[in-house]
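Here is the structure we will look at.
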Amino acid sequence: MAETAGQPITCKAMVAFGVDDLREEEIVVAPPKAGEVRVKVICNALCHTDIYTLSGSDPEGLFPSILGHEAGAIVESVGEGVTSVKPGDHIVPGYTPQCKGTDCIFCMSPKTNLCPKIRGTQGKGLMPDGTSRFTLKKDGSTIYHFMGCSTFAEYTVLAEISCALINPKADLEKACLFGCGVATGLGAVWNNTKVEAGSSVVVFGLGAVGLAVVQGAKAAGASHIVGVDTNLKKFDIAKQLGCTECINPKDSDKPIQQVLVEMSPTGFGYDYTFDCTGNTEVMRAALEAAHRGWGESCVVGVAAAGKELSTRPFQLITGRRWLGTAFGGWKTRDAIPMLVEKNMKGEIELDHFITHRFEGVGAQKDAIKALHGGDCLRAVVKYFPY
């Protein structure tokens, strides 16, 4: 890879030019600047957040941009001052960075993973110095970055603090799942709510994130795990992963929260509830299905721009707690390597999440069709052999 170091690289990428306007283009990826890392993206798993932004629902969504944030990659070259990774290293990009600076109150706190070091520029689709590393080859126009990752491209540039160094023997097509959805679901259970053995749990939305919550709750020893979804195709896999029962909210005329409270083990709701839909009405239902006196409800799904939450304050006064999670509370550069090791040891199974596989950057469109099809959890698109 050394011959490309310091030189622009021309490669293929899927560029989002506007709402639902995704095209394969040749782009030029500039060399990494100080504190940056250029990587060869080996594979990318399509996440609903990419679709959410492409659809125009993301308040920070920018066009033209290169989407994608759940990937496995190999370091091609590094900028000045980079010490934590070197060319040839295998990494998973992290959309939530971890600067590890002793002056960062967020990185130093065990209470959060929300490092703000590059948040200001990342939210504007730019690298930390306020510029982009992407241009369109045909006219030299600037293309924005996305979530600090932009892995719908064969090559991308990341901040060093966004690179999680992983075992080079790990299967990148599995490891990439820890870049967002699966890690988020597991962390919501293990880090944010800390579900205990014997607990009762409800999971709203049985996509990849919701099923990771189910898997995490089962591993934590939850005794009752109820899955809620309108797609009956999800029920079999949900039960295999740990759901003790699954229900379709359309099967009753009653509000789903009322149905759940009535069927709960105590008759007063569930110890822990998780919204994995991004629907604010479902978020309310999840809170109101939480146990009187101590129930906790975790918002995992991302709502569309402008949406607001509502419930009666009495729900909180009577002991329920509402919380949220970003990337499952994991500190990216510490956690992703650990999660990858657990998968390699057989402690965290991932195979069931990969329901579709495609090859080539252009196949992102096929992955999107699969995700909209209703029976897809994760579609992994491989760009290069490794």
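Every number in this text was worked out from the coordinates using simple rules, so none of it is lab data. None of these values were measured; they are calculated from a predicted model. No Cβ is skipped: glycine too gets one built from the backbone with ideal geometry, and neighbour counts run over all protein chains shown.
Using the Cα centre of the chain as origin and beta-carbon charges of +1 (Lys, Arg) and -1 (Asp, Glu), tell me which of Val261, Cys176, Val361 is placed farthest towards the positive end of the dipole.
Farthest towards the positive pole: Val261.
Report the extension gain between Arg357 and Thr230 in nm, rounded to one decimal, defined as 0.36 nm multiplied by the number of residues separating them, less their alpha carbon distance.
43.2 nm
What are the trypsin sites (Lys or Arg not before Pro) within segment 302-351 that DSSP puts in a loop, where the Cβ has at most 12 other Cβ atoms within 10 Å?
Numbers: sites: Lys307, Arg320, Arg321, Lys331, Arg333, Lys342, Lys345; in loops: Lys307, Arg320, Lys331, Lys345.
Counting only loop positions with at most 12 other Cβ atoms within 10 Å, the trypsin sites (Lys or Arg not before Pro) in segment 302-351 are Lys345.
Exposed loop GluC sites (Glu not before Pro) only (DSSP loop, at most 10 other Cβ atoms within 10 Å): please give the longest stretch of the chain free of them, not including the sites. Provide the component values of the computation, followed by the final result.
Working: sites that count: Glu80, Glu308, Glu347.
My reading of the result: 81-307 is the longest stretch.
Plugging the Kirkwood radius over Cα pairs into Stokes-Einstein for segment 235-310, at a temperature of 10 °C and a viscosity of 1.306 mPa s, what D comes out in µm²/s? Intermediate results must be reported in sequence, preceding the final value.
Numbers: Rh = 13.2 Å.
After rounding, the answer is 121 µm²/s.
Taking the Cα centre of segment 208-337 as the origin, how large is its charge dipole in debye, to the nearest 20, when only Lys and Arg (+1) and Asp and Glu (-1) carry charge on their Cβ atoms? Mind dumping the intermediate values first?
Working: 14 positive and 13 negative charges, 50 e Å.
In debye, rounded to 20, segment 208-337 gives about 240.
List the residues whose amide H sits under 5 Å from the amide H of Ile166, counting only those 5 or more places along or on another chain, with H placed 1.01 Å from N in the peptide plane.
His90, Ile91, Val92
What percent of all Cα-Cα pairs in segment 153-261 falls in each 5 Å bin, counting up from 0?
All Cα pairs, binned at 5 Å, distribute as 2, 11, 19, 18, 17, 12, 8, 6, 4, 2, 0 percent.
Taking R0 as 25 Å, what FRET efficiency do you get between Asp171 and Met338 from their Cβ-Cβ distance, rounded to the nearest 0.05? Intermediate results must be reported in sequence, preceding the final value.
Values: r = 16 Å, r/R0 = 0.65.
E(calc), rounded to 0.05, equals 0.95.
Kindly provide the pair-distance distribution of segment 77-129 built from C-alpha pairs, with 5 Å bins from 0 and whole-percent values in order of increasing distance.
4, 17, 21, 24, 22, 10, 2
Could you tell me the relative contact order of the chain? Use alpha-carbon pairs under 8 Å, at least six residues apart, and round to a whole percent. List each step's numbers first, then the result.
Values: 953 pairs, mean separation 69.0, N = 386.
Contact order relative to length: 18 percent.
Classify segment 173-325 from the C-alpha gyration tensor, please: rounded if a/c falls under 1.5, else prolate or oblate depending on whether a/b exceeds b/c.
Values: a/c = 1.34, a/b = 1.25, b/c = 1.07.
Because its axes are fairly even, with a/c under 1.5, segment 173-325 counts as rounded.
Over segment 131-248, what is the mean sequence separation of C-alpha contacts under 8 Å (at least six apart), divided by residue count, expressed as relative contact order in percent? Don't jump to the answer; show the numbers that get you there.
Values: 149 pairs, mean separation 20.2, N = 118.
Relative contact order here is 17 percent.
Full-extension gain between Asp129 and Thr4, please, as 0.36 nm times their residue separation minus the C-alpha to C-alpha distance.
On the way: separation 125, 0.36 × 125 = 45.00 nm, distance 2.24 nm.
Fully extending the segment from Asp129 to Thr4 adds 42.8 nm.
Using alpha carbon centroids, what distance separates segment 292-337 and segment 219-243, in Å?
Cα centres, segment 292-337 to segment 219-243: 20 Å.
Once a ≥ b ≥ c are taken as the square roots of the eigenvalues of the Cα gyration tensor of segment 48-103, is the result rounded (a/c under 1.5), prolate (a/b larger than b/c) or oblate (a/b not larger than b/c)? Write out the running numbers ahead of the final one.
Values: a/c = 2.56, a/b = 1.80, b/c = 1.42.
Note, shape of segment 48-103 comes out prolate.
Could you give me the ³J(HN,Hα) list for segment 311-319, computed from phi with Karplus coefficients 6.51, -1.76, 1.60 and θ = phi - 60°, whole Hz, x at Gly and Pro?
Values per residue, Gly and Pro as x: 6, 7, x, 4, 4, 7, 4, 8, x Hz.
Would you kindly state how much longer the chain becomes between Glu347 and Val302 on full extension, computed as 0.36 nm times their sequence separation minus their alpha carbon distance, in nm to one decimal? Display every interim value, and only then the final one.
Values: separation 45, 0.36 × 45 = 16.20 nm, distance 2.81 nm.
Answer, rounded to one decimal: 13.4 nm.
What are the ³J(HN,Hα) couplings of segment 100-111, residue after residue, when phi is run through the Karplus curve with 6.51, -1.76, 1.60 and θ = phi - 60°? Round to Hz, x for glycine and proline.
6, x, 5, 8, 9, 5, 6, 5, 7, 8, x, 7
Under 19 Å from the Cα of Lys194, which lysines turn up, not counting those fewer than eight places away in the same chain?
Lys111, Lys218, Lys331, Lys342
What percentages, rounded to whole numbers, describe P(r) for segment 51-150 computed over all alpha carbon pairs with 10 Å bin width beginning at zero?
With 10 Å bins starting at 0, P(r) equals 14, 38, 38, 10, 1.
Which whole-number percent is the relative contact order of segment 56-208 (Cα, under 8 Å, 6+ apart)?
30
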